[in-house]
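Just below is one structure, and these are the notes that go with it.
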Amino acid sequence: MREMIPLKGAAVSAKLKKEVQDSLTLLQGKDTPKLAIVRVGEKPDDMAYERGAIKKMQNFGLEAESYPFPETISNEDFKREFRRINENPEITGILLLLPLPDQISQKEIETMIDPAKDMDGISPMNQAKIFSGDLSGYAPCTAEAVIEVLKGYEIPIEGKRVTIVGRSMVVGKPLAMLLLKENATVTICHTRTKDLPSECRRAGILVAAAGRAKMLGAESVGEGAVVIDVGINVDAEGKLCGDVDYEAIRNTAAMATPVPGGVGTVTTAVLAKHLVRAALAKETI
Ligand code: NDP
(Lines give C-alpha, C1' and ligand atoms only; values in the text may rest on other atoms or scores of the structure.)
Protein backbone atom coordinates (compact mmCIF):
# COMPACT_ATOMS: atom_id res chain seq x y z
CA MET A 1 0.00 0.00 0.00
CA ARG A 2 1.15 3.57 -0.75
CA GLU A 3 2.56 5.43 2.27
CA MET A 4 1.21 8.92 3.02
CA ILE A 5 4.11 11.37 2.84
CA PRO A 6 4.40 13.70 5.85
CA LEU A 7 4.90 17.34 4.80
CA LYS A 8 7.21 18.44 7.58
CA GLY A 9 7.41 22.11 8.42
CA ALA A 10 11.06 21.87 9.49
CA ALA A 11 12.25 21.21 5.92
CA VAL A 12 10.40 24.28 4.62
CA SER A 13 11.55 26.38 7.57
CA ALA A 14 15.20 25.42 6.85
CA LYS A 15 14.79 26.63 3.27
CA LEU A 16 13.32 29.93 4.48
CA LYS A 17 16.17 30.28 7.01
CA LYS A 18 18.65 30.09 4.14
CA GLU A 19 16.69 32.80 2.25
CA VAL A 20 16.62 35.02 5.35
CA GLN A 21 20.33 34.60 5.97
CA ASP A 22 21.14 35.39 2.32
CA SER A 23 19.08 38.59 2.67
CA LEU A 24 20.85 39.45 5.93
CA THR A 25 24.19 39.61 4.11
CA LEU A 26 22.73 42.59 2.22
CA LEU A 27 22.19 44.31 5.56
CA GLN A 28 25.75 43.87 6.84
CA GLY A 29 26.91 46.85 8.89
CA LYS A 30 23.29 47.86 9.62
CA ASP A 31 21.29 47.21 12.79
CA THR A 32 19.90 43.68 13.12
CA PRO A 33 16.19 43.71 12.13
CA LYS A 34 14.07 43.81 15.27
CA LEU A 35 10.60 42.43 15.85
CA ALA A 36 8.33 43.84 18.59
CA ILE A 37 5.81 41.30 19.84
CA VAL A 38 2.93 43.20 21.41
CA ARG A 39 0.85 41.19 23.86
CA VAL A 40 -2.04 42.27 26.06
CA GLY A 41 -2.70 39.87 28.94
CA GLU A 42 -1.11 36.52 29.68
CA LYS A 43 -3.06 33.90 27.74
CA PRO A 44 -1.01 30.67 27.76
CA ASP A 45 -1.46 30.25 23.95
CA ASP A 46 -0.14 33.79 23.34
CA MET A 47 2.79 33.25 25.70
CA ALA A 48 3.68 29.96 23.97
CA TYR A 49 3.45 31.55 20.51
CA GLU A 50 5.56 34.50 21.69
CA ARG A 51 8.28 32.21 23.10
CA GLY A 52 8.34 30.22 19.86
CA ALA A 53 8.55 33.37 17.73
CA ILE A 54 11.38 34.87 19.81
CA LYS A 55 13.34 31.60 19.61
CA LYS A 56 12.82 31.41 15.85
CA MET A 57 13.92 35.02 15.25
CA GLN A 58 17.09 34.44 17.27
CA ASN A 59 17.74 31.16 15.47
CA PHE A 60 17.45 33.00 12.13
CA GLY A 61 19.88 35.74 13.31
CA LEU A 62 17.19 38.35 14.02
CA GLU A 63 16.13 40.20 17.14
CA ALA A 64 12.77 40.01 18.89
CA GLU A 65 11.47 41.65 22.02
CA SER A 66 8.24 41.23 23.92
CA TYR A 67 6.10 44.28 24.78
CA PRO A 68 3.59 42.94 27.32
CA PHE A 69 0.68 45.00 28.69
CA PRO A 70 -1.80 44.20 31.46
CA GLU A 71 -5.13 42.62 30.44
CA THR A 72 -6.92 45.60 32.03
CA ILE A 73 -5.11 48.38 30.11
CA SER A 74 -7.52 51.05 28.85
CA ASN A 75 -8.08 51.74 25.17
CA GLU A 76 -6.48 55.18 25.43
CA ASP A 77 -3.42 53.94 27.33
CA PHE A 78 -2.90 51.05 24.94
CA LYS A 79 -3.24 53.33 21.89
CA ARG A 80 -0.63 55.65 23.35
CA GLU A 81 1.79 52.78 24.06
CA PHE A 82 1.15 51.19 20.69
CA ARG A 83 1.80 54.50 18.91
CA ARG A 84 5.15 54.72 20.68
CA ILE A 85 6.15 51.25 19.44
CA ASN A 86 4.79 52.00 15.96
CA GLU A 87 6.89 55.17 15.71
CA ASN A 88 10.08 53.76 17.27
CA PRO A 89 12.69 53.79 14.47
CA GLU A 90 14.60 50.95 16.16
CA ILE A 91 11.68 48.59 15.61
CA THR A 92 11.57 47.07 12.14
CA GLY A 93 8.34 45.10 12.45
CA ILE A 94 5.43 44.48 14.80
CA LEU A 95 3.51 41.31 15.62
CA LEU A 96 0.34 42.10 17.57
CA LEU A 97 -1.14 39.05 19.31
CA LEU A 98 -4.89 38.91 18.67
CA PRO A 99 -7.64 39.04 19.76
CA LEU A 100 -7.30 42.02 22.08
CA PRO A 101 -9.48 42.35 25.22
CA ASP A 102 -12.95 43.84 24.65
CA GLN A 103 -12.16 47.31 26.06
CA ILE A 104 -9.58 47.88 23.30
CA SER A 105 -10.73 48.80 19.82
CA GLN A 106 -8.93 46.27 17.64
CA LYS A 107 -10.14 48.08 14.51
CA GLU A 108 -8.44 51.31 15.62
CA ILE A 109 -5.16 49.53 16.23
CA GLU A 110 -5.33 47.67 12.91
CA THR A 111 -5.82 51.01 11.18
CA MET A 112 -3.05 52.64 13.19
CA ILE A 113 -0.31 50.08 12.52
CA ASP A 114 2.26 51.27 9.98
CA PRO A 115 1.72 48.99 6.93
CA ALA A 116 5.52 48.86 6.51
CA LYS A 117 5.83 47.35 10.01
CA ASP A 118 2.70 45.19 9.82
CA MET A 119 4.36 41.74 9.77
CA ASP A 120 1.12 39.73 10.03
CA GLY A 121 -0.94 41.61 7.44
CA ILE A 122 -3.65 43.05 9.70
CA SER A 123 -3.73 46.63 8.39
CA PRO A 124 -6.44 47.62 5.88
CA MET A 125 -3.67 48.57 3.42
CA ASN A 126 -2.03 45.15 3.49
CA GLN A 127 -5.40 43.39 3.37
CA ALA A 128 -6.41 45.42 0.32
CA LYS A 129 -3.16 44.50 -1.40
CA ILE A 130 -3.69 40.78 -0.80
CA PHE A 131 -7.27 40.99 -2.06
CA SER A 132 -6.21 42.84 -5.21
CA GLY A 133 -3.45 40.33 -5.98
CA ASP A 134 -0.66 42.80 -5.16
CA LEU A 135 2.12 40.88 -3.41
CA SER A 136 4.08 43.99 -2.36
CA GLY A 137 2.35 44.04 1.05
CA TYR A 138 2.46 41.56 3.93
CA ALA A 139 0.01 38.65 4.00
CA PRO A 140 -0.95 37.01 7.29
CA CYS A 141 1.98 34.69 8.07
CA THR A 142 -0.14 31.55 8.45
CA ALA A 143 -1.85 32.00 5.09
CA GLU A 144 1.51 32.54 3.41
CA ALA A 145 2.96 29.54 5.30
CA VAL A 146 0.47 27.28 3.50
CA ILE A 147 1.76 28.53 0.14
CA GLU A 148 5.37 28.05 1.34
CA VAL A 149 4.66 24.43 2.31
CA LEU A 150 3.15 23.70 -1.12
CA LYS A 151 5.99 25.42 -2.96
CA GLY A 152 8.65 23.97 -0.64
CA TYR A 153 7.49 20.46 -1.54
CA GLU A 154 7.08 21.43 -5.20
CA ILE A 155 3.38 20.63 -5.18
CA PRO A 156 1.78 22.26 -8.24
CA ILE A 157 -0.99 24.75 -7.40
CA GLU A 158 -1.99 26.10 -10.81
CA GLY A 159 -5.28 24.65 -12.05
CA LYS A 160 -5.71 22.58 -8.88
CA ARG A 161 -9.06 22.36 -7.15
CA VAL A 162 -8.43 23.64 -3.60
CA THR A 163 -10.96 23.51 -0.78
CA ILE A 164 -10.35 25.62 2.33
CA VAL A 165 -12.38 24.91 5.47
CA GLY A 166 -12.55 28.23 7.36
CA ARG A 167 -13.19 31.81 6.25
CA SER A 168 -11.39 33.93 8.86
CA MET A 169 -9.46 37.07 7.96
CA VAL A 170 -6.33 35.47 9.43
CA VAL A 171 -6.30 32.26 7.43
CA GLY A 172 -9.18 31.24 5.13
CA LYS A 173 -9.92 34.45 3.21
CA PRO A 174 -6.35 35.72 2.61
CA LEU A 175 -5.23 32.18 1.75
CA ALA A 176 -7.99 31.95 -0.87
CA MET A 177 -6.60 35.15 -2.45
CA LEU A 178 -3.00 33.88 -2.40
CA LEU A 179 -4.13 30.62 -4.01
CA LEU A 180 -6.11 32.50 -6.68
CA LYS A 181 -2.95 34.45 -7.42
CA GLU A 182 -1.30 31.04 -8.02
CA ASN A 183 -4.17 30.18 -10.40
CA ALA A 184 -5.86 27.55 -8.25
CA THR A 185 -9.63 27.03 -8.37
CA VAL A 186 -10.72 27.78 -4.84
CA THR A 187 -13.75 26.81 -2.74
CA ILE A 188 -14.16 28.24 0.77
CA CYS A 189 -16.25 26.26 3.29
CA HIS A 190 -17.66 27.32 6.67
CA THR A 191 -20.24 26.30 9.25
CA ARG A 192 -23.17 26.84 6.83
CA THR A 193 -21.65 24.75 4.03
CA LYS A 194 -23.97 21.93 3.00
CA ASP A 195 -22.37 18.49 2.81
CA LEU A 196 -18.87 19.52 3.90
CA PRO A 197 -17.34 16.04 3.31
CA SER A 198 -18.27 16.05 -0.38
CA GLU A 199 -16.92 19.62 -0.86
CA CYS A 200 -13.67 18.47 0.77
CA ARG A 201 -13.47 15.18 -1.15
CA ARG A 202 -13.49 17.02 -4.49
CA ALA A 203 -10.27 18.84 -3.61
CA GLY A 204 -6.84 17.98 -4.93
CA ILE A 205 -5.51 20.16 -2.13
CA LEU A 206 -7.52 20.36 1.10
CA VAL A 207 -6.70 23.05 3.65
CA ALA A 208 -8.24 22.70 7.10
CA ALA A 209 -8.43 25.94 9.12
CA ALA A 210 -11.54 25.52 11.26
CA GLY A 211 -10.08 25.08 14.74
CA ARG A 212 -12.01 21.85 15.49
CA ALA A 213 -9.96 18.91 16.76
CA LYS A 214 -9.79 16.05 14.22
CA MET A 215 -13.07 17.11 12.56
CA LEU A 216 -12.00 15.90 9.10
CA GLY A 217 -11.52 12.18 8.61
CA ALA A 218 -11.13 9.81 5.66
CA GLU A 219 -14.68 10.60 4.42
CA SER A 220 -13.53 14.20 3.74
CA VAL A 221 -10.33 13.41 1.86
CA GLY A 222 -10.21 12.46 -1.82
CA GLU A 223 -7.96 9.63 -2.98
CA GLY A 224 -4.43 10.98 -3.43
CA ALA A 225 -5.20 14.45 -2.05
CA VAL A 226 -2.66 16.78 -0.47
CA VAL A 227 -3.85 17.83 3.00
CA ILE A 228 -2.61 20.97 4.73
CA ASP A 229 -3.74 21.16 8.35
CA VAL A 230 -3.60 24.67 9.83
CA GLY A 231 -5.60 23.81 12.94
CA ILE A 232 -3.98 23.85 16.36
CA ASN A 233 -6.22 22.17 18.93
CA VAL A 234 -6.07 20.00 22.00
CA ASP A 235 -7.69 16.56 21.75
CA ALA A 236 -9.68 14.63 24.39
CA GLU A 237 -6.43 13.33 25.90
CA GLY A 238 -5.00 16.84 26.15
CA LYS A 239 -2.59 16.32 23.25
CA LEU A 240 -1.94 18.90 20.53
CA CYS A 241 -3.71 17.97 17.27
CA GLY A 242 -4.94 19.46 14.03
CA ASP A 243 -8.36 19.72 12.39
CA VAL A 244 -7.62 16.55 10.46
CA ASP A 245 -7.54 13.05 11.92
CA TYR A 246 -4.01 12.29 10.69
CA GLU A 247 -4.18 8.54 11.39
CA ALA A 248 -7.60 8.15 9.76
CA ILE A 249 -6.49 9.66 6.41
CA ARG A 250 -3.27 7.60 6.07
CA ASN A 251 -4.73 5.32 3.39
CA THR A 252 -6.50 8.09 1.46
CA ALA A 253 -4.27 11.19 1.34
CA ALA A 254 -1.02 11.21 -0.64
CA MET A 255 0.62 13.83 1.58
CA ALA A 256 -0.32 15.67 4.76
CA THR A 257 1.16 18.13 7.23
CA PRO A 258 1.39 16.77 10.79
CA VAL A 259 0.31 18.76 13.87
CA PRO A 260 2.56 19.65 15.58
CA GLY A 261 5.49 19.91 13.18
CA GLY A 262 3.67 21.20 10.10
CA VAL A 263 2.31 24.65 9.21
CA GLY A 264 3.02 26.17 12.66
CA THR A 265 6.78 25.83 12.23
CA VAL A 266 6.59 27.54 8.86
CA THR A 267 4.40 30.40 10.16
CA THR A 268 7.20 31.80 12.35
CA ALA A 269 9.71 31.29 9.52
CA VAL A 270 7.46 33.44 7.29
CA LEU A 271 7.41 36.02 10.08
CA ALA A 272 11.22 36.11 9.95
CA LYS A 273 11.09 36.45 6.16
CA HIS A 274 8.71 39.41 6.48
CA LEU A 275 10.99 41.06 9.06
CA VAL A 276 14.02 40.92 6.78
CA ARG A 277 11.93 42.18 3.88
CA ALA A 278 10.84 45.14 6.02
CA ALA A 279 14.46 45.88 6.95
CA LEU A 280 15.56 45.76 3.31
CA ALA A 281 12.64 47.98 2.27
CA LYS A 282 13.65 50.54 4.93
CA GLU A 283 17.18 50.64 3.54
CA THR A 284 15.99 51.37 0.01
CA ILE A 285 13.66 54.23 0.95
P1 NDP B 1 -11.64 31.22 13.51
O2 NDP B 1 -12.36 30.64 14.67
O3 NDP B 1 -11.52 32.69 13.38
O4 NDP B 1 -12.34 30.69 12.17
C5 NDP B 1 -12.72 29.37 12.03
C6 NDP B 1 -13.40 29.19 10.71
O7 NDP B 1 -13.69 27.81 10.55
C8 NDP B 1 -14.71 29.96 10.57
O9 NDP B 1 -14.80 30.52 9.29
C10 NDP B 1 -15.77 28.89 10.80
O11 NDP B 1 -16.95 29.09 10.04
C12 NDP B 1 -15.07 27.64 10.27
N13 NDP B 1 -15.56 26.45 10.97
C14 NDP B 1 -15.52 26.21 12.30
N15 NDP B 1 -16.10 25.01 12.57
C16 NDP B 1 -16.52 24.51 11.41
C17 NDP B 1 -17.22 23.35 11.03
N18 NDP B 1 -17.60 22.44 11.94
N19 NDP B 1 -17.49 23.15 9.72
C20 NDP B 1 -17.12 24.06 8.79
N21 NDP B 1 -16.46 25.20 9.08
C22 NDP B 1 -16.17 25.42 10.37
O23 NDP B 1 -10.22 30.51 13.51
P24 NDP B 1 -8.81 30.97 12.82
O25 NDP B 1 -8.98 31.13 11.37
O26 NDP B 1 -8.21 32.04 13.62
O27 NDP B 1 -7.95 29.65 13.11
C28 NDP B 1 -8.31 28.40 12.58
C29 NDP B 1 -7.39 27.35 13.15
O30 NDP B 1 -6.05 27.63 12.77
C31 NDP B 1 -7.36 27.31 14.69
O32 NDP B 1 -7.18 25.96 15.11
C33 NDP B 1 -6.12 28.09 15.05
O34 NDP B 1 -5.56 27.68 16.28
C35 NDP B 1 -5.22 27.72 13.90
N36 NDP B 1 -4.18 28.70 13.61
C37 NDP B 1 -2.96 28.20 13.34
C38 NDP B 1 -1.90 29.02 13.08
C39 NDP B 1 -0.61 28.41 12.71
O40 NDP B 1 0.42 29.06 12.74
N41 NDP B 1 -0.58 27.12 12.30
C42 NDP B 1 -2.04 30.48 13.16
C43 NDP B 1 -3.42 30.92 13.26
C44 NDP B 1 -4.44 30.04 13.52
P45 NDP B 1 -17.95 30.35 10.28
O46 NDP B 1 -17.29 31.51 9.61
O47 NDP B 1 -19.22 29.92 9.60
O48 NDP B 1 -18.06 30.50 11.77
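The values are calculated or read from the model by the stated rules, or taken from the named source; none is laboratory data. Source: prediction; values computed, not measured. Using ideal geometry, Cβ is built from the backbone for each residue, glycine included, and neighbour counts are taken over all protein chains shown. SASA here: full protein model, heavy atoms, side chains in, ligands and nucleic acids out. Shrake-Rupley method; radii C 1.70, N 1.55, O 1.52, S 1.80 Å.
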**Q.** Within-12-Å neighbourhood charge of Leu179 [Cβ basis; K, R +1; D, E -1]
**A.** +2
Q.
If you average the C-alpha positions of segment 245-262 and of segment 1-67 separately, how far apart do those two centres end up, in angstrom?
A. 24
Q.
Over the chain, with the other protein chains present, what is the accessible area per residue in square angstrom, probe 1.4 angstrom?
A. 48
Q: Taking every Cα atom in segment 128-179, find the radius of gyration and the maximum pairwise distance Dmax, and write them in Å.
A: 10.7, 29
**Q.** Reachable aspartates and glutamates from Lys181, criterion Cα separation under 13 angstrom, eight or more residues apart if same chain
**A.** Asp134, Glu144, Glu158
(Q) Between Ile228, Ile122, Ile73, where does the largest GNM mean-square fluctuation fall for the chain, given springs only between Cα atoms within less than 10 Å? (A) Ile73
(Q) What are the extents of the Cα atoms of the chain along their three principal axes, in Å, largest first? (A) 56, 43, 37
Q: Please give the calculated 222 nm ellipticity per residue for the chain, where each DSSP H segment of at least 4 residues contributes -39500 (n - 2.57) and the sum is spread over every residue; nearest 500 deg cm²/dmol?
A: -12000 deg cm²/dmol
**Q.** Percent RCO, i.e. relative contact order, over segment 195-285, from Cα pairs under 8 Å lying at least 6 residues apart
**A.** 25
Q | Sparsely packed chymotrypsin sites (Phe, Trp or Tyr not before Pro) within segment 107-216, loop by DSSP, other Cβ within 10 Å at most 13 | A | none
Q. How far is helix 141-152 tilted, in degrees, relative to the longest principal axis of the Cα atoms in the chain, given as a value from 0 to 90 rounded to the nearest 10?
A. 50
Q: Between beta-carbons, use under 15 Å as the cut-off and find the net charge around Lys214, counting Lys and Arg +1, Asp and Glu -1.
A: -4
Q.
Let me spell out the model: positive unit charges on the Cβ of Lys and Arg, negative unit charges on the Cβ of Asp and Glu, origin at the Cα centre of the chain. What dipole size does that give, in debye rounded to 20?
A. 560
Q: For segment 76-199, just the Cα set please: Rg and Dmax, both in angstrom.
A: 16.6, 51
Q: Give a quick list of GluC sites (Glu not before Pro) in segment 99-144 that DSSP marks as loop, anything other than H, G, I, E or B, with at most 10 other Cβ atoms within 10 Å.
A: none
Q. Which residue, Thr142, Thr268, Thr32, tops the fluctuation ranking in a GNM of the chain built on C-alpha contacts under 10 Å?
A. Thr32
Q: Please report the relative contact order for the chain, taking Cα pairs under 8 Å with a sequence separation of at least 6, and give it as a percent rounded to a whole number.
A: 22
Q. Between Phe78, Gly93, Ala209, whose Cα lies farthest towards the positive end of the dipole of the chain when Lys and Arg beta carbons carry +1 and Asp and Glu beta carbons carry -1, centred on the Cα centre?
A. Ala209
Q | Links that overshoot a 30 Å alpha carbon limit, given the list Lys56/Lys117; Lys15/Lys173; Lys79/Lys239; Lys117/Lys160; Lys15/Lys79 | A | Lys79/Lys239; Lys117/Lys160; Lys15/Lys79
Q.
With an 8 Å Cα cut-off and a minimum separation of 6 or more residues, compute the relative contact order for segment 147-261 in percent.
A. 21
(Q) How tilted is helix 263-284 with respect to the longest principal axis of the chain? Cα atoms for both, answer in degrees (0 to 90, nearest 10). (A) 40
